Amino acid sequence: MLKKLGIMLEMIKFKYTVFALPFAFMGAFLAARGIPSFTVFAWVTLAMVGARTAAMTFNRIVDYRFDAANPRTRQRAIPAGDVSMIESWLMVIVSSLLFFLACRMLNPLALIIAPFALSLTFIYSLTKRFTWLCHLVLGVALAISPLGGWVAVAGSLSDYPWVLSLGVLFWVAGFDCIYACLDAEFDRKAGLYSMPASLGRTNAFRLAVFFHLLAFILFTLTGYQQGLGVVYYIGIVVTGGALFYQHLVVNPKDLSRIQASFFSMNGFIALTLFIATWISLLLESS
């Protein structure tokens, strides 16, 4: 069973929960102007784990035929036969129930928002079939993370910094657009839509640069709007460097270092912004 669990966690790239979780914490810490209660912190963590697990497993289920036909992805757990459809659907159900339970334990507004948030993550998995705007849809889905963290603490959307969610939206759209370049040719042949498949890799990279510039500006505005201190802006500078590095090491003609760009740098960016926010709030209250 432990081996099966390991395969399933690898199937959904569980370790990359780090992309969205720090932003949920960031929203919670901003709402609390410091560290929220341990109970809220724990339920936010469980809610994020449940939502992402359900969304990623659903994505693997609905895309398994494409994954099986794509040389890059045919060894994923479902097309390779390591995880059955029944096991996968069970994982979606259990993790969805965990998400709703966590939202129920937080507050009424969190539970009201929960169906919309989870549905949006499921819908994203289908958008590649009919629009190259799928990367922006994924951005919207992950942009709910800081909003959810804020609602978990505040119980309302009053004074929520919407620029933070917009920053997450364009940050995600940018790196997902770059990552989609790996499958541009396959997507085009399979009749799937993505910016690289529809617009070409070069134009997709240009849009990714534009999205990341917007994200940088919006993350900076978040600090200004929330009255965060110099430590946050140090984090912003580091974030800008990490965004620049992604576009430095990967280009439309050379995708060989895309793993470093997509996984290492984006996890680093999320953690940097959260830690910079946390330290800034700690200094504010001292």
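The values are calculated or read from the model by the stated rules, or taken from the named source; none is laboratory data. Because the structure is predicted, anything quoted here is derived from the model rather than measured. Cβ atoms come from the backbone with ideal geometry, glycine included; neighbour counts cover every protein chain shown.
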Problem - Residue satisfying all of: in the range 212-231; free of Cβ contacts under 8 Å to residues at least 60 places away in the same chain and hydroxyl-bearing (Ser, Thr, Tyr); nearest to residue 175 (Cα to Cα) among these - result: 220
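Taking the condition of being assigned to a helix (DSSP H, G or I) and either touching a residue at least 40 places away in the same chain (Cβ under 8 Å) or touching a Ser or Thr at 6+ places or on another chain (Cβ under 9 Å) (or both), how many residues in the range 77-89 meet it?
Applying the first criterion (assigned to a helix (DSSP H, G or I)) to the range 77-89 yields 85-89.
Checking the rest, the ones that are also either touching a residue at least 40 places away in the same chain (Cβ under 8 Å) or touching a Ser or Thr at 6+ places or on another chain (Cβ under 9 Å) (or both) come to 87-89.
Counting residues in the range 77-89 that are assigned to a helix (DSSP H, G or I) and either touching a residue at least 40 places away in the same chain (Cβ under 8 Å) or touching a Ser or Thr at 6+ places or on another chain (Cβ under 9 Å) (or both) gives 3.
To keep it simple, each residue is scored yes or no on (1) under 19 Å from the mean Cα position of the chain (by Cα); (2) part of a helix (DSSP H, G or I); (3) under 25 Å from residue 65 (Cβ atoms).
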site: 165; (1), (2), (3): yes, yes, no
site: 189; (1), (2), (3): no, yes, yes
site: 196; (1), (2), (3): no, yes, yes
site: 202; (1), (2), (3): no, yes, no
site: 207; (1), (2), (3): yes, yes, no
site: 223; (1), (2), (3): no, yes, no
Practice task
Output yes when any residue across the range 218-241 is closer than 21 Å to residue 181 by Cβ and among the hydroxyl-bearing types (Ser, Thr, Tyr), and no when none is.
Solution key: no
Completion exercise
Residue pairs qualifying under the 6 Å Cβ cut-off, at least six apart or on distinct chains, with the first in the range 232-261 being over 13 Å from residue 174 (Cα atoms) and the second being of a type in the set (Lys, Arg) and modelled with pLDDT of 90 or more, are 252/201
Exercise for the section: Within the range 180-199, identify whether any single residue is in contact with a Ser or Thr (Cβ under 6 Å, 6 or more places away or on another chain) and more than 28 Å from residue 125 (Cβ to Cβ), and answer yes or no. Expected result: no
Exercise for the section: Could you tell me whether any residue of the range 256-263 is part of a helix (DSSP H, G or I), surrounded by fewer than 16 Cβ atoms within 10 Å (Cβ to Cβ) and among the charged types (D, E, K, R)? Expected result: no
Practice task
Confirm whether residue 45 is within 30 Å of residue 229 (Cα to Cα), at pLDDT below 95 and not hydrophobic (A, V, I, L, M, F, W, C).
Solution key: no
Handout entry: Every pair of residues 6+ apart whose Cβ atoms lie under 6 Å, when the first sits in the range 165-194 and is of a type in the set (Asp, Glu) while the second is in a helix (DSSP H, G or I)
Key = 176/135; 176/138; 187/197
Completion exercise
If you go through 98, 118, the only one that is within 15 Å of residue 56 (Cβ to Cβ) and surrounded by fewer than 22 Cβ atoms within 10 Å (Cβ to Cβ) is 98
Completion exercise
Among helices (runs of 4 or more DSSP H) entirely within the range 1-71, at least 2 residues that are touching a Phe, Trp or Tyr at 6+ places or on another chain (Cβ under 7 Å) occur in 21-32, 38-62
Exercise for the section: Quick one: residue 130 ticks every box in (1) farther than 18 Å from residue 40 by Cβ; (2) assigned to a helix (DSSP H, G or I) except a single one, so which number is it? Expected result: (2)
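Criterion first (under 15 Å from residue 11 (Cα atoms) and in a helix (DSSP H, G or I)) does residue 113 satisfy it?
Working: under 15 Å from residue 11 (Cα atoms): no; in a helix (DSSP H, G or I): yes.
No; evaluated as a whole, the condition is false for this residue.
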Problem - Among (1) surrounded by 16 or more Cβ atoms within 10 Å (Cβ to Cβ); (2) on the phi > 0 side of the Ramachandran plot - the single one residue 81 does not satisfy - result: (1)
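Output yes when any residue across the range 186-196 is among the polar types (S, T, N, Q) and surrounded by fewer than 23 Cβ atoms within 10 Å (Cβ to Cβ), and no when none is. Can you show your working first?
Kept after step one, since they are among the polar types (S, T, N, Q), are these residues of the range 186-196: 194.
Within this subset, residues satisfying the condition of being surrounded by fewer than 23 Cβ atoms within 10 Å (Cβ to Cβ) are none.
Among the residues of the range 186-196, not one is among the polar types (S, T, N, Q) and surrounded by fewer than 23 Cβ atoms within 10 Å (Cβ to Cβ), which makes the answer no.
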Exercise for the section: Quick one: residue 183 ticks every box in (1) more than 20 Å from residue 130 (Cα to Cα); (2) over 19 Å from the mean Cα position of the chain (by Cα) except a single one, so which number is it? Expected result: (1)
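Here are some residues: 232, 224. Which one is hydroxyl-bearing (Ser, Thr, Tyr), in contact with a Gly (Cβ under 8 Å, 6 or more places away or on another chain) and at pLDDT 95 or above? Talk me through it step by step, then tell me what you get.
Numbers: 224 fails: in contact with a Gly (Cβ under 8 Å, 6 or more places away or on another chain).
Step by step, each of 232, 224 is checked, and only 232 is hydroxyl-bearing (Ser, Thr, Tyr), in contact with a Gly (Cβ under 8 Å, 6 or more places away or on another chain) and at pLDDT 95 or above.
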Handout entry: Failed item, numbered, when residue 80 is tested on (1) out of contact with any helix residue (DSSP H, G or I) (no Cβ under 7 Å at 6 or more places or on another chain); (2) modelled with pLDDT under 95; (3) under 28 Å from residue 174 (Cβ atoms)
Key = (3)
